[in-house]
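The structure appears below as structure tokens.
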Amino acid sequence: MTAPSIASTARAAKRLSPSTLSRLSVARRCNSTGAEPPPAGGHLPSIATSKILRTTREAALRTPGIKWLDEDGNSPLQNTIGGRETRKMNLYQAVRDAMGIALAKDDTAIVFGEDVAFGGVFRCTMGLAEEFGRERVFNTPLSEQGIAGFGIGVASMGQTAIAEIQFSDYIFPAFDQLVNEAAKFRYRSGGQFNVGRLTVRTPSMSVGHGGLYHSQSPEGFFMGASGLKIVVPRSPVQAKGLLLASIRDPNPVIFMEPKILYRSAVEQVPIDDFELPLGRAEVLVPGADLTLLTWGTPLYHCETALSLLAEPPASLAPLVPEALRGARIELIDLRTVLPWDVESVIESVQRTGRLVIVHEASRTAGVGAEIAAEVQSRAFLKLLAPVRRVTAWDTPVGLQFEKFIIPDAIHVLDAVMETLAF
Amino acid sequence: MSSLARLRSRVLPTARQLVPFARSLQTSADTTLLTQSIPEDGSTPFTVKLHEDSFRAYNTDAPSLDVEVTKDSLLKHYQTMVTMRRMEQAADALYKSKLIRGFCHLAIGQEAVSVGLESSITKDDMVITAYRCHPFAVLRGGTITGVLGELLGRQVGMSNGKGGSMHIFTPRFFGGNGIVGAQVPVGAGIAFAQKYLERPSATFALYGDGASNQGQVFEAFNMAKLWNLPCVFVCENNKYGMGTSAQRSSSNTEYFTRGDKIPGIQANGMDIIASAQAVKYARDWVIAGNGPLLLEFVTYRYGGHSMSDPGTTYRTREEVQRMRSTQDPIRGLQRYIEEWGVATDAIDKAAKEEIDKAVEQAKASPEPRAEDLWTDIYYKGTEPPLMRGRERDEVHVY
């Protein structure tokens, strides 16, 4: 299908009206406080059935960009996957596995944060204290600024510091340490010192009922802090590979783990030591008509939206024009938010001519704003439609409004259709 | 065991005499002694003597152990504490039946602090605390229905369902605050305003033993002492900051001594007579222009830190059970009252009925209206022209 035909056919098509949208949202919201859990999305793909997840050994071992780090780095087997094993893990187990490897292979590595010694609130550090000792895995006082500053000091001595901020919403007391101290340490010491071995892990994004201080996505606030890297994994394999890469990256990294995926995202994860590249986006679904760019939790909403577009259920079918259903959408996981993979995104948009960016943070000056500005300046003449951003409302994340504020599959679908039909 | 009604001579704690410097605060709720016979009339004051280890002081004198109480005031304490506990238990049940979602921190076991505080301050005094805020919100002018409604995310909630458990306010209660320690400098600011406006009143800025290690707490201490603010920094030491015990998180667990030049009082936070007396002392201290004071209540939370914490991974079940059975603030007071022949069954029954009614009222309230999503972000009438939604159609024009 070519772009003009999509546009001309769809122009006449009825778009999802605001009332339809609010009806859908309200219908979902009513379930949110019911005594029974909501139905698991009916027949739509959910995180449990997502095709994005690598649920077989074969698929896991063939993760694009995977780099094995065996003890014997010169072995000819270094680049083979034969004989490697995988284990079924959810995201928190994969994070724990990565930290276990880091602690086992690097005697200078330490893990610290609030309540991490007995596993942490999300169980990411379960058993690490028992396995590696309380000298290496320990609780800190409730002091985020202190945790960040302490980690910076440890890392500046050349030790590997893996800090946990219990929720990314609590990272703001540490904002000065991270932006002014960690990000600029190398620069302001003329390269004499650095805190490259600092990694700050923090659970992020919405959880459905976290409210004002437990469902924010603060990655955008760090966009101007050159010197830092911001990484957001989407799945257990990605979490393990990207976390190991972050721990070993010679720059300080803030690693934001989408907290709703801790238990719900399950994959076969290679048990060996491996890394996935930082600063590189990954094309999950190749396409030619529109680039759909996101990171973390919304990837699964995007997958659902693509399914709704290709095969809309009866209730939505009248609203999804036939001509759009065959559109080939390119789904990209940005993975590293800072520095983001400009080349890959521009390359994709130059092929598709359309870009929809989805993120859970609010719109104004969010990460999407930066990407949209860069894309329009680099690919202006290739753009067939304005860059669309599907984001949270510009409001605080009110408790009972959370499901209404955070973008869902319907909003992604609507933005995709409108952009295709522009 | 010792009790208020049994007049007895004080038994000297001989074991303690051997190690005079290791004396520690005791946290029983039923060790107060009667020094005179109880008057028949409920409003006639009489004096009781607190256990000699009810307070410890740092760079100041301890509050008097002789406290004047009335039968009516003690009955009122009892009734309020029972009601607060019932409310928290109702929240617990609503959470477990999945009607309350998100984060919820209960203060079961710490009733003597909130009720004792409120009983010794006036409506001109201000209170600010962290996320374990439900009793304060009710006592400071809120309603039980308003608190439970907020937890349920309903319109009747005190923040209209937008805040939830940690964000509940009244005109003289500056809220539940969700960020550990963030409320303490805010409390110093409130106290500054009181001083600036020359109002003879005090601010009580509460925080926990966990929050006591946040840097901004010390920043607030410094400013409060520097400017001699009428601020009482109240540390509710329930012995665990989330899942880490005070000893594992704090180099100095004597929180009342951590104010450097600010004097401090440590008080038994399980005995409401002691906690009320300590608050009265602290209020008088700051209103007299002596500058800030640290007030540490040694107390205990029976439940976990929040609903997702079973509360037994970092302490033993026996420890919790021992605290519940031997040092409970409600049982301790109940013992005195019952020994005077005043039955507490009627009070318990009335509290249960009141809570049951509030639960039904809160559950009957509808969820917030969609329009309320964009109210109260900016002051009404000064909003930006529009608030952007998730995508183009969802713009709200003010």
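Key figures for this structure:
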item	result
FRET E, pair B:ARG331, B:LYS98, Förster distance 41 Å, beta-carbon r, rounded to 0.05	0.85
Pair B:LEU226, A:ASP70: separation of 7 Å Cα→Cβ label points (nm)	6.1
Rule-of-thumb Rg ratio for chain A [Cα; 2.2 N^0.38 Å; N residues]	0.99
Alpha carbon convex hull of the protein assembly as shown, volume per residue in cubic angstrom	181
Value at 222 nm in deg cm²/dmol, rounded to 500, when DSSP H runs of n ≥ 4 in chain A each add -39,500 (n - 2.57)	-9500 deg cm²/dmol
Percentage of interatomic Cα-Cα distances in the range B:257-398 larger than 24 Å	66
Residue of B:GLY264, B:GLY102, B:GLY149 that the Gaussian network model of chain B assigns the largest fluctuation, springs spanning Cα pairs under 10 Å	B:GLY102
Cα long-axis angle, helix A:409-420 against chain A (0 to 90 degrees, to the nearest 10)	60
Helix runs (DSSP H) in chain B reaching 15 Å along axis by Cα, Kyte-Doolittle at least -0.5	B:183-196, B:215-226, B:272-287
Over chain A, relative contact order from alpha-carbon pairs under 8 Å, at least 6 apart, %	20
Ellipsoid semi-axes in whole angstrom, largest first, where each is sqrt(5λ) of the Cα gyration tensor of the range A:202-341	29, 17, 16
Rg over Rh, two decimals, the range A:83-223 (C-alpha only, Kirkwood Rh)	0.98
Built amide H within the under 5 Å cut-off of A:LEU284, gap 5+	A:LEU331, A:ILE332, A:ASP333
Phi-based couplings in Hz for the range B:292-308 (Karplus 6.51, -1.76, 1.60; Gly and Pro marked x)	x, 9, 9, 10, 9, 9, 8, 9, 7, 9, 7, x, x, 4, 9, 5, 7
Quotient of Cα Rg and 2.2 N^0.38 Å for the range B:43-101, N being how many residues it contains	1.76
Unit charges at the beta carbon, dipole of the protein assembly as shown: most positive-side option, B:ALA278, B:SER245, B:SER159	B:SER159
For A:LEU198, residues with placed amide H under 5 Å, excluding near neighbours	A:ALA161, A:VAL253
Average beta-carbon neighbours from other chains, 10 Å sphere, peptide B:163-169	4
Projected-area average for the range B:303-366 over all orientations - Cα convex hull basis, square nanometres	6.4
Peptide A:113-119 - average C-beta neighbours from other chains (10 Å radius)	4
Burial ordering of A:TYR92, B:TYR95, B:TYR255, fewest other beta-carbon atoms within 10 Å first	B:TYR95, A:TYR92, B:TYR255
Sequence of B:PHE174, A:PHE380, A:PHE422 once ranked by neighbouring C-beta atoms within 10 Å, starting from the fewest	A:PHE380, A:PHE422, B:PHE174
Exposure proxy ranking, count of Cβ atoms within 10 Å, fewest first, for A:TRP295, B:TRP340	B:TRP340, A:TRP295
Gaussian network model of chain A, Cα within-10 Å springs - most flexible of A:SER75, A:SER377, A:SER344	A:SER75
All-pairs alpha carbon distance profile, the range A:317-374, 10 Å steps from 0, percent	18, 46, 26, 10, 0
Radius ratio Rg over Rh of chain B, counting only Cα atoms, Kirkwood formula for Rh	0.99
Approximate shape of the range A:168-250 as ellipsoid semi-axes (Cα gyration tensor, √5λ), whole Å, largest first	25, 17, 8
By average C-beta atoms within 10 angstrom, highest first, the peptides B:281-287, A:358-364	A:358-364, B:281-287
Compactness of the range B:152-258, expressed as Rg and Dmax over alpha-carbon positions, Å	15.3, 44
26 Å Cα-Cα threshold exceeded, pairs from B:LYS98/B:LYS239; B:LYS96/B:LYS162; B:LYS76/B:LYS352	B:LYS98/B:LYS239
Share, in percent, of DSSP beta bridges within chain A that are antiparallel, nearest 5	25
Alpha carbon convex hull of the range B:237-334, volume per residue in cubic angstrom	104
Estimated FRET transfer efficiency (B:VAL342, A:VAL342; beta-carbon r; R0 45 Å; 0.05)	0.05
Within straight-line cross-link reach of A:LYS229, lysines at Cα separation under 30 Å, skipping those fewer than 8 residues along the same chain	A:LYS51, A:LYS67, A:LYS88, A:LYS105, A:LYS184, A:LYS240, A:LYS259, A:LYS382, A:LYS403
Estimated translational D of the range A:291-422 in µm²/s (Stokes, Kirkwood radius over Cα pairs; 10 °C; 1.306 mPa s)	105
Cα pair count fraction exceeding 13 Å, expressed as % - the range B:235-280	62
Degrees, to the nearest 10: A:367-378 long Cα axis against longest axis of chain A	70
Rounded tilt (10° steps) of A:18-32 against the dominant C-alpha axis of chain A	50
Partner chain coverage, peptide A:411-418 - average Cβ within 10 angstrom	2
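Values in this text are rule-based calculations from the coordinates and carry no lab data. Only a predicted model underlies this, so the values are computations on that prediction, with no experimental measurement involved. So basically every Cβ, Gly included, is an ideal-geometry build from the backbone, and we count neighbours across all protein chains shown.
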